[in-house]
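Note sheet for the following structure.
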Amino acid sequence: MAKELESHATELKQKNGLENIGFVPDEESLETENDSRQAENSETCAISVRAPVILREGSTVLEPYAGMPKEVLLQFSCQARYRVTREIIFWLIIVATLVIVAATIAIIALSPKCLGWWQISPIYQVYPKSFKDSDGDGSGDLPGIQEKLDHIVYLNIKTIWIAPFFKSSIKDYHYAVEDYKSIDPSFGSMADFENLLAAIHDKGLKLVMDLIPNHTSDKHNWFQLSRNRTGKYTDYYIWQDCSFKDGQATPPNNWVSVYGNSSWQYDDMRKQCYFHQFRKEQPDLNLRNPTVKEEINEVIKFWLGKGVDGLRVDATKFLLEAETLRDEPQVNKSQSPDTITTYSELFHDYTTTQVGMHDMVRGFRQIMNEYSREPGRYRFMATESNDDKDVEKTMMYYGTSFIQEADFPFNFYFLELNKEISGNSISSLVELWMKNMPKGKWPTWVVGSPSYQRIASRVGKEYINVINMLLLTLPGTPITYYGEEIGMEDNATLQNQSEGVFGEHDPSENPEKTPMQWDPSQNAGFSQANTTWLPINEDYQTINVKVQQDEHNSTLGLYRELNLLRQEELPIHRGWMCSIWNDTNIFAYVRELDGLDRGFLMVLNFGNASTVNIKTAIPEFAASAQIRLSTQFINNGKSVNTQTIITEKGEGLVLEYKTNNLIHSNEKFKNKCFISEKACYSSVVNLLYSSC
């Protein structure tokens with residue numbers, strides 16, 4: 001046995017092997033071995049660059065090869081040609097990293113502000129009672145809206161605004177709220193609302209709803225408790241003593257409601273008069289009472305907590321009244337005070353836009369900002385305040401450069417358009433807003449609402465396409481009232497109606513609220529009921545979504561194409577707007593962006609057939625342009641001479657042209673050019689930047 005072990009040991013030595021003697025070295029011996037290996041490595045790295053590496057006697061010079069052991073690899077890695085290369089690569093990586101970081105910081109610093117979700121597409125207003133009936137009762141509801149969300153997507157619209165659906169006494173079309181935190185049963189349940197909101201978000205859409213802080217219904221629990229002088233509710237509304245004459249209550253002053261007659265109503269239970277800016281069924285809240293303000297704040301938080309993306313604050317200018325009860329000045333000072341019964345006969349110095357009202361709006365904005373902290377969840381806020389020609393008051397709702405209020409106040413000036421429409425009238429209304437809007441703010445445009453005649457009925461159906469072209473090519477956010485995308489008109493059979501329908505208040509507003517016309521089937525596809533809450537317009541067989549989807553040259557088709565063009569083309573989306581021509585028939589303007597060598601010319605006809613010569617008016621303008629879109633689809637793609645641009649009555653053209661001479665740089669048009677979110681385009685890096 002001993003001889004056998006000895007022969008194995010001799011064999012291992014002959015083969016330069018190591019014998020395992022069953023001994024595990026201690027830590028000291030391991031450290032000693034490591035030190036010796038490091039010394040070997042140092043010695044290896046000290047080998048001359050040109051020194052060959054010899055494996056054993058008689059072998060050739062060793063060259064680098066794949067799979068080299070560490071000891072061999074180290075002999076090469078310390079050679080200058082490899083070490084210098086490594087250092088060069090290392091420092092190149094460091095420099096490249098710094099360049100990338102610096103470029104990223106520069107791009108972020110120079111990039112213009114990204115447009116918000118409320119800026120990138122039109123907002124589509126739905127009147128829920130008339131949009132779609134899902135349960136066959138003849139009246140629209142929230143599940144019906146959910147059923148038709150694909151129509152909103154089809155239009156390339158990203159935001160839907162639903163008119164009030166709170167539990168209501170139905171007076172004034174659901175603006176008389178009985179419960180701010182409940183859904184009116186005629187529209188469905190809170191579960192229906194939550195399902196609708198989830199479906200809206202699933203489709204990448206946003207939801208805006210109304211906030212009505214100025215007044216409630218006289219059926220609201222707060223008002224009933226206030227009538228009884230119950231605890232904190234005693235001063236939730238505006239109460240004043242009324243004198244009596246010949247058994248009739250005499251109001252404390254001459255204030256008149258929007259709908260006419262005194263804005264004070266005597267209450268037999270409380271034995272006082274309460275104040276109402278609108279109908280007597282809509283008593284005004286006392287928003288000077290901190291407890292009432294907190295109640296409204298809680299309402300805002302409730303709906304934002306549900307996931308609502310934005311709010312439109314209704315009747316903003318009416319939120320506060322003067323604490324003194326001075327009579328408002330008469331428009332006609334010679335008129336007998338006893339004969340004043342209509343709203344227009346007084347200047348409303350003490351019942352609108354009072355000191356403290358904007359502070360309240362800023363308070364609403366602060367709550368919206370608190371809920372906007374989550375990335376991608378900005379909460380939008382708009383205000384509704386029709387200040388007529390006193391446009392400076394409306395502009396105050398934008399806030400200041402330091403304190404934000406509304407993202408934009410609603411622009412109702414296009415609601416003045418009527419049969420006297422002209423290129424001049426359109427031009428003056430556009431300039432009225434753009435010239436008065438604070439620098440850097442975002443405009444909006446409204447042509448229809450549940451309280452005004454539909455635009456096709458006000459100005460004539462021959463102008464509906466050119467009106468849509470105007471809205472979708474102006475800077476800012478257009479508001480589309482349901483049905484405008486297919487050219488719906490008022491139902492003429494309802495214009496002389498003397499009584500309300502189903503308890504609704506003002507029958508004169510019924511013609512513009514008729515049910516949406518979806519297809520040529522019974523009830524225009526709106527409902528399976530035998531009778532709808534308002535009669536379907538008689539023209540539904542030809543004016544409906546289904547028919548126009550199948551027609552290329554339709555109002556619906558043009559609306560979609562215009563919206564796509566608006567989203568795809570930077571000059572139309574966020575470029576300069578310069579008004580270059582207006583007369584009785586034509587309103588023309590350009591959209592252009594610094595850095596781009598092309599622009600868009602809109603020539604819109606609001607009168608009779610006409611020819612305009614843009615080239616003569618602006619000698620440096622392009623000699624020719626191509627029609628990108630026309631209200632007459634047959635003209636799309638044609639080339640036109642800018643000296644003779646011909647349009648028919650109600651025709652609109654979107655012309656694309658090449659240029660290196662931007663109109664907004666022309667001193668002649670300095671006061672005719674406007675921009676909101678300024679940006680410039682760099683073709684070198686295909687980026688927008690703001691320092692231009």
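The values are calculated or read from the model by the stated rules, or taken from the named source; none is laboratory data. Just so it is clear, the structure is predicted and the values come from calculations on it, not from any experiment. Here the Cβ positions follow ideal geometry from the backbone for every residue, glycine too, while neighbour counts run over all protein chains shown. Surface accessibility is based on the protein's heavy atoms, side chains included, excluding ligands, DNA and RNA. Shrake-Rupley method; radii C 1.70, N 1.55, O 1.52, S 1.80 Å.
Would you list which aspartates and glutamates come within 14 Å of Lys333, measuring only between C-alpha atoms, while excluding same-chain residues fewer than 8 positions from it? Hits, sequence-local ones excluded: Glu345.
Calculate the tail of P(r) for segment 183-245: the fraction of all Cα-Cα distances greater than 16 Å, expressed in %. Value for segment 183-245: 66 percent of Cα pairs lie more than 16 Å apart.
Among the lysines of segment 574-689, pairs that are 8 or more positions apart or on different chains and have alpha carbons within less than 16 Å of each other number 4.
Checked against a 18 Å cut-off, the cross-linked pairs Lys206/Lys393; Lys203/Lys441; Lys129/Lys513 give Cα-Cα distances beyond that limit for Lys206/Lys393; Lys203/Lys441.
Figure legend: label point modelled 7 angstrom from the Cα of Ser624 along Cα→Cβ; residues of segment 642-676 with amide N under 17 Å from it are 642-646, 655-660. Estimated from helical segments only, the mean residue ellipticity of the chain at 222 nm is -8500 deg cm²/dmol, where each DSSP H run of four or more residues counts as -39500 (n - 2.57). Distances between placed amide hydrogens fall under 5 Å for Thr383 paired with Val313, Phe408, Phe410, all partners being 5 or more residues away or on another chain. Label positions at Leu432 and Asn418, each projected 7 Å from the Cα along the C-beta direction, are separated by 1.3 nm. For segment 369-478, list log₁₀ I(q)/I(0) at each q in 0.10, 0.16, 0.24 Å⁻¹, using the Debye formula over Cα point scatterers of equal strength and ignoring solvent, two decimals each. Debye output, listed in q order: -0.33, -0.78, -1.43. What translational diffusion coefficient, to the nearest whole µm²/s, does segment 618-669 have by Stokes-Einstein, given a Kirkwood radius computed over alpha-carbon pairs, a temperature of 10 °C and 1.306 mPa s viscosity? For these conditions, the coefficient is 131 µm²/s.
Between the beta carbons of Ile100 and Phe302, assuming R0 = 60 Å, the FRET efficiency works out to 0.85 to the nearest 0.05. In loop segments of segment 350-459 as defined by DSSP, the trypsin sites (Lys or Arg not before Pro) with at most 14 further C-beta atoms inside 10 Å of their C-beta are Arg373, Arg377, Lys389, Lys419, Lys439. Across every pair of non-identical alpha carbons in segment 574-689, the mean reciprocal distance, once inverted, gives a Kirkwood radius of 14.6 Å.
A simple rule links phi to the HN-Hα coupling: the Karplus curve 6.51 cos²θ - 1.76 cosθ + 1.60 with θ = phi - 60°, which for segment 268-275 gives 5, 6, 8, 6, 9, 9, 10, 9 Hz, with x for Gly and Pro. Look at the alpha carbon pairs under 8 Å that are at least 6 residues apart: their mean separation over the length of segment 212-357 gives a relative contact order of 25 percent.
Each 10 Å bin from zero up to the one holding the largest Cα-Cα distance in the chain carries the following percent of pairs: 3, 12, 19, 20, 14, 8, 5, 5, 5, 5, 3, 1, 0, 0, 0.
Overall, the accessible surface of segment 574-689 at a probe of 1.4 angstrom is composed of carbon and sulfur to the extent of 47 percent. Subtracting the Cα-Cα distance of Val258 and Tyr65 from their residue separation scaled by 0.36 nm leaves 60.1 nm. The lysines within cross-link reach of Lys181, meaning a Cα-to-Cα straight distance under 17 Å and a gap of 8 or more places when in the same chain, are Lys167, Lys219, Lys293, Lys301, Lys306. In the context of the full set of protein chains, the chain has a per residue accessible area of 47 Å² (1.4 Å probe). Short-range pairs are left out: with C-alpha atoms under 8 Å and at least six residues apart, the relative contact order of the chain is 11 percent.
Here's the list of aspartates and glutamates a cross-link from Lys113 could span, going by alpha-carbon distance under 13 Å and ignoring same-chain residues fewer than 8 apart: Glu677.
Compute the distance from the alpha-carbon center of segment 455-491 to that of segment 108-151, in whole Å. A separation of 17 Å, based on Cα centres. If you plug the beta carbon distance of Asn228 and Gln522 into 1/(1 + (r/R0)^6) with R0 = 45 Å, you get a FRET efficiency near 0.35. Projected label points at Ile120 and Asn613, each 7 Å from Cα along the beta carbon direction, are separated by 4.5 nanometres.
As a calculated quantity, the FRET efficiency between Arg326 and Asp597 at R0 = 41 Å, using C-beta atoms, amounts to about 0.10. Our estimate of slack between Cys78 and Glu374, defined as 0.36 nm per intervening residue step minus the Cα-Cα distance, is 101.2 nm. Spin-label model, Thr531/Ser189: points 7 Å from Cα along the beta carbon direction are separated by 2.8 nm.
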